[in-house]
Amino acid sequence: MTSKISHKLIVGVAGVAIVIIGVFAWVILDSQQRLLLSDLERSANQLSATIKSSTRDDMMLNRPEAVQGIISTIGAQDGIEKVRIFNKEGRIILSTDPEDAGKMVDKKTEACYVCHTADQPLERVPVSERVRIFKTAQGVSTFGIIDPIYNEKGCWQSSCHAHPKSQTVLGVLDITMSMADVERAAREGRARLVTFALIAVFATGLMIYWLVGRVVLQPVRRIAAVTRKVAEGDLSQKVDVRTSDEIGKLGESFNDMMQKLADAQRQLLQANKLASVGRLAAGVAHEINNPLTGVLTYSSFLLKRAGKDSELKDDLDVIVRETKRCREIVKGLLDFSRQSVSERHPVPVNDIVHDACRIVKNPLSTQKTTIVLNLGENLPLIHADASRMQQVLVNLLVNAGDAMPEEKGGTITVTTDLVDDAGLGGASQGPREAVRIRVADTGSGIEKKDLDKIFEPFFSTKGTRGNGLGLAIVWGIIEGHGGRLTVESEVGKGTTFTILVPVARPLTAESRNRPLP
Amino acid sequence: MTGKLRILVVDDEQVILDSARKILGSDLTVLTAPDAEAASQLLAAEAPDIVISDLVLPGASGMKLLDNALEHDPGLVIILTTGFSTVENAVAALKHGAFDFLPKPFTCDELLSSVARARRAVELRLTLGARGPGERGEFHLGVQTWARPERDGTVLLGVTEKELRTLERIEGVELPEIGAELRQGGRLVTLLTSDGLAHGMWSPLGGRVLAVNNALKDAPELLRDASNGARFVARIQPSDLDGELPNLIES
Ligand SMILES: Nc1ncnc2c1ncn2[C@@H]1O[C@H](COP(=O)(O)OP(=O)(O)OP(=O)(O)O)[C@@H](O)[C@H]1O
Ligand SMILES: [Mg+2]
């Protein structure tokens with residue numbers, strides 16, 4: 001497909017080049033021809049003037065042999081075909097060609113019709129009309145020029161032969177010259193030009209081929225190659241962007257798309273993992289519940305009957321307590337598998353933050369951890385399930401509290417503000433905004449290798465104190481809200497969880513400026 | 001009533017049948033069935049007073065068994081046991097006329113509490129199907145608890161008069177905490193009675209607890225006092241009223 005594009009480009013550009021070069025060549029050839037002709041014209045004109053002036057005296061003295069001599073001398077020159085003098089009757093009175101002598105022509109011949117087209121013959125005609133180009137019977141291109149011989153004082157006063165004074169034109173001097181040389185020169189010029197034009201067209205084609213290949217095809221091929229790899233499932237591919245032109249832009253947006261795709265895939269993966277874990281959890285819970293019921297009923301029954309036997313009672317206590325703990329784990333699993341976001345309403349995000357903080361305040365203060373609230377004012381309502389969102393915050397706050405150093409405690413900062421919707425699923429609905437909730441702690445931080453895993457169910461670094469379900473649940477809830485959850489962390493410094501939740505109603509510039517009813 | 005009450009326990013897990021027999025055997029005649037078919041036969045042949053059945057059974061669902069049994073004998077007191085994953089089904093079961101449900105795994109005390117109330121219900125011949133003397137505008141979760149939506153969008157929750165009649169003298173209450181999230185079919189309140197049992201009551205609706213009836217802490221028996229309006233246990237902000245009300249029985 002790409003080769004077809006390049007073919008089209010090359011053929012198109014070469015076509016344009018051919019036309020342009022062709023027109024140029026034609027213009028040049030034409031002007032060259034004109035130049036040659038005007039040269040010819042000028043020299044013919046000069047020649048006829050020379051003949052006229054050099055024969056004038058002999059004419060006047062009526063010495064035809066002398067005139068014939070001059071004409072013959074001149075006519076012998078290279079390129080001159082014939083020199084003829086017509087008299088008024090159309091008789092050739094003198095000619096370089098002896099055969100012509102005495103021949104008659106009428107006013108229709110090429111030597112005469114220039115002046116004799118209209119009813120009243122013209123007296124004077126410009127040079128350009130006096131020249132003519134024709135082919136002889138032998139097929140030789142010939143150039144002719146006529147030069148009228150005008151009556152003058154000397155002629156009508158001359159005694160020898162009477163030219164009445166009323167006559168203006170006495171005869172016509174007609175010189176014809178072969179155009180073979182001129183034509184050869186023109187032919188040679190044309191051949192050179194055509195050769196040059198062909199070379200130019202070819203060179204342009206090559207150059208365009210090279211340019212198209214380098215500027216368009218290579219980058220497009222690179223993108224295509226990456227696309228193929230992506231199609232084979234390798235989402236880590238990136239286009240090497242080398243230019244800032246449209247193709248560079250294409251590469252950039254391709255990379256951008258890949259980034260989004262990779263993100264989306266990761267989220268999908270996480271969601272799928274959660275879904276399958278959810279199903280698994282439900283199944284496991286159901287299977288485990290029955291044996292657990294046996295253990296729990298028996299042990300609690302025995303505990304009841306143990307009465308005062310304190311040693312046995314203590315042992316049974318342990319069994320009942322641990323079984324109850326199992327029950328809580330299973331319950332947690334099931335809560336997790338059931339974490340559907342049920343009812344979403346427009347709710348004020350800061351209220352949710354306040355409620356969540358109230359719940360964790362006591363346990364946190366015993367850990368010497370303080371919560372700093374940095375809540376944005378006049379935030380739009382978010383479209384959320386309040387109790388689920390509260391669960392999210394409680395989980396994050398409890399995790400932050402757990403991450404604090406045992407003795408010293410630390411600070412948790414909760415920030416809410418409004419941000420431009422950074423790619424939250426809602427592009428079709430125009431510009432949207434999202435509320436951002438950040439929970440930042442000064443705790444232990446999370447190691448890089450763990451960052452990818454913390455959202456996975458059952459990943460915990462807390463041993464028996466943690467089930468590793470907290471963040472998986474948080475993820476599921478945020479996902480269910482069409483929101484986004486990201487984490488940044490630096491070991492020893494702390495961790496920041498960032499949540500983006502879509503606002504309740506898309507705010508357009510219009511609706512925002514409109515006064516509230 | 002002569003002799004011991006008879007209880008039929010239906011479960012596909014032998015260990016549960018065994019433990020039920022062990023725990024309940026001293027006071028009741030315990031019959032057991034591993035599946036719905038055997039249960040139906042025993043129901044017809046032995047006419048037990050109380051049935052404890054799992055919701056998920058080989059053969060037929062416990063719900064089906066419940067429907068059939070109640071059609072045959074509307075006075076039958078049925079307790080359904082269920083894994084957590086089917087709390088919603090259990091709520092539905094209460095609507096179908098079950099007396100109580102016990103989420104698995106349960107402790108000996110939880111089983112005893114439920115059975116104790118069931119026995120009282122049998123002795124009192126509480127007809128579960130018929131409408132109780134509940135007030136208009138009340139919604140009941142089975143025979144156990146009620147919910148009364150108020151004008152301001154909050155809902156009052158309490159324990160039904162029928163349920164209270166199955167209890168011995170109430171000596172203590174464990175109220176939910178203000179701000180806590182209740183779930184439909186989750187724990188609403190625990191009532192401690194003079195026979196040493198703790199009776200968990202299921203919440204008819206989910207929502208956030210706005211207020212609790214603190215007077216009950218000092219005088220738990222106030223709960224039975226139908227004359228004043230102080231019978232309620234808690235006031236909640238429901239989370240999904242429209243979605244959950246259809247699971248309740250309107251009086
Ligand atoms: N704020 C934080 N600072 C440092 N580590 C954290 C933080 N939040 C989470 N973690 C790490 O991520 C792991 C997973 O967290 P998660 O909440 O999913 O499980 P948990 O807290 O271990 O157990 P659970 O929440 O189920 O009781 C934690 O064990 C901890 O290692
Ligand atoms: Mg946690």
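Report the one residue of A:Gly15, A:Met389, A:Val172 whose Cα lies farthest in the direction of the positive end of the charge dipole of chain A (charges on C-beta: Lys and Arg +1, Asp and Glu -1; origin at the Cα centre).
A:Met389
What ranking of A:Val16, A:Val360, A:Val216 emerges when the number of other C-beta atoms within 10 Å of each C-beta is taken as an exposure proxy, fewest first?
A:Val16, A:Val216, A:Val360
List every residue whose amide H lies under 5 Å from the amide H of B:Lys104, counting only residues 5 or more places away in sequence or on a different chain, with H placed 1.01 Å from N in the peptide plane.
Here B:Thr82, B:Gly83, B:Phe84 satisfy the definition.
Give me B:His140, B:His72 ranked fewest to most by other Cβ atoms within 10 Å of their Cβ, as a rough exposure proxy.
B:His72, B:His140
Relative contact order for chain A: what is it in percent, counting Cα pairs under 8 Å that are at least 6 residues apart?
With pairs under 8 Å counted, the relative contact order is 10 percent.
Where the centroid of each part is defined by its Cα atoms, how far is region B:4-19 from region B:29-44 in Å?
Between the Cα centre of region B:4-19 and that of region B:29-44, the gap is 9 Å.
What value does chain A have for Rg/Rh, both radii from Cα atoms and Rh as Kirkwood defines it?
Rg divided by Rh gives 1.56.
By how many degrees, between 0 and 90 and to the nearest 10, does the Cα long axis of helix A:2-60 differ from the longest principal axis of chain A?
20 degrees
With a cut-off of 8 Å between alpha carbons and a minimum separation of six or more residues, what is the relative contact order of chain B in percent?
15 percent
Beta carbons within 10 angstrom, averaged per residue: use that to sort the peptides A:235-241, A:292-298, A:367-373, highest first.
A:292-298, A:367-373, A:235-241
How high is the relative contact order of region A:235-338, given as a whole-number percent (alpha carbon pairs under 8 Å, six or more residues apart)?
Computed over region A:235-338, the figure is 29 percent.
Expressed as an acute angle from 0 to 90° and rounded to the nearest 10, what is the orientation of the C-alpha long axis of helix B:108-123 relative to the principal long axis of chain B?
For B:108-123 against chain B, the angle is about 90 degrees.
Go through region A:183-195 residue by residue and turn each phi into a ³J(HN,Hα) via Karplus (6.51, -1.76, 1.60, θ = phi - 60°); whole Hz please, and just put x for glycine and proline.
Computed from phi, the couplings for region A:183-195 are 5, 4, 4, 5, 4, 4, x, 4, 4, 4, 5, 5, 4 Hz.
For a quick check: sort B:Arg119, B:Arg151, A:Arg56, A:Arg34 by the number of other beta carbons within 10 angstrom, fewest at the front.
Ordered by Cβ neighbours within 10 Å, fewest first: B:Arg151, A:Arg34, A:Arg56, B:Arg119.
As a test of the formula, what do you get for chain A when each DSSP H run with n ≥ 4 contributes -39,500 (n - 2.57) and the sum is divided by the residue count, at 222 nm and rounded to the nearest 500 deg cm²/dmol?
Computed ellipticity for chain A at 222 nm equals -18000 deg cm²/dmol.
When 1/r is averaged over all different Cα pairs and the result inverted, which Kirkwood radius in Å belongs to chain B?
Taking every pair of different Cα atoms in chain B, averaging 1/r and inverting gives 18.3 Å.
Nearest 20 debye, what's the magnitude of the dipole of region A:191-239 about its Cα centre given +1 on Lys and Arg Cβ and -1 on Asp and Glu Cβ?
Here the size comes out at about 80 debye.
Give the residue from A:Val105, A:Pro380, B:Leu222 lying farthest towards the positive end of the charge dipole for the protein assembly as shown; charges sit on Cβ (+1 for Lys and Arg, -1 for Asp and Glu) and the dipole is referred to the Cα centre.
Among A:Val105, A:Pro380, B:Leu222, the one farthest towards the positive end of the dipole of the protein assembly as shown is A:Val105.
What dipole magnitude, in Debye to the nearest 20, does chain B give about its Cα centre under +1 on Lys/Arg Cβ and -1 on Asp/Glu Cβ?
Value, rounded to 20: 500 debye.
Can you compute the charge dipole magnitude of chain A about its Cα centre, using +1 on each Lys and Arg Cβ and -1 on each Asp and Glu Cβ, nothing else charged? Give it in debye, rounded to the nearest 20.
Taking the Cα centre of chain A as origin, the dipole is about 960 debye.
For the protein assembly as shown, build the charge dipole from Cβ charges (+1 Lys, Arg; -1 Asp, Glu) around the Cα centre, then report which of A:Trp210, A:Phe301, B:Thr82 sits farthest towards its positive end.
It is A:Trp210.
Which of rounded, prolate or oblate describes region A:61-144 when judged by the alpha-carbon gyration tensor and an a/c cut-off of 1.5?
Oblate, because a/c is 1.5 or more while a/b does not exceed b/c.
At 222 nm, what value in deg cm²/dmol follows for chain B if DSSP H runs of at least 4 each add -39500 (n - 2.57) and the sum is divided by all its residues, to the nearest 500?
For chain B, the value works out to -8000 deg cm²/dmol.
GluC sites (Glu not before Pro), restricted to region A:177-257: which are DSSP loop and have at most 16 other Cβ atoms within 10 Å?
Of the GluC sites (Glu not before Pro), the ones in loops of region A:177-257 whose Cβ has at most 16 other Cβ atoms within 10 Å are A:Glu232.
Arranged from highest to lowest average of other beta-carbon atoms within 10 Å per residue, in what order do the peptides B:99-111, A:137-149, A:433-445 appear?
Output ranking for B:99-111, A:137-149, A:433-445: B:99-111, A:433-445, A:137-149.
Based on alpha-carbon centroids, what's the gap between region A:166-205 and region A:303-326 in Å, whole number please?
About 124 Å separates the Cα centre of region A:166-205 from the one of region A:303-326.
Once you've got the Cα coordinates, tell me which of A:Lys238/A:Lys260; A:Lys260/A:Lys493; A:Lys238/A:Lys448; A:Lys324/B:Lys95; B:Lys4/B:Lys95 are over 21 Å apart.
Too far apart for the 21 Å limit: A:Lys260/A:Lys493; A:Lys238/A:Lys448; A:Lys324/B:Lys95; B:Lys4/B:Lys95.
What is the ratio of the Cα radius of gyration of region B:6-124 to 2.2 N^0.38 Å, where N is its residue count, to two decimals?
So region B:6-124 has a normalised radius of gyration of 0.93.
No lab work stands behind these numbers, since they all come straight from the coordinates. Being a predicted model, the structure only gives us computed values, none of them experimental. Don't worry about glycine lacking a Cβ; one is built from the backbone with ideal geometry, like all the others, and counts go over all protein chains shown.
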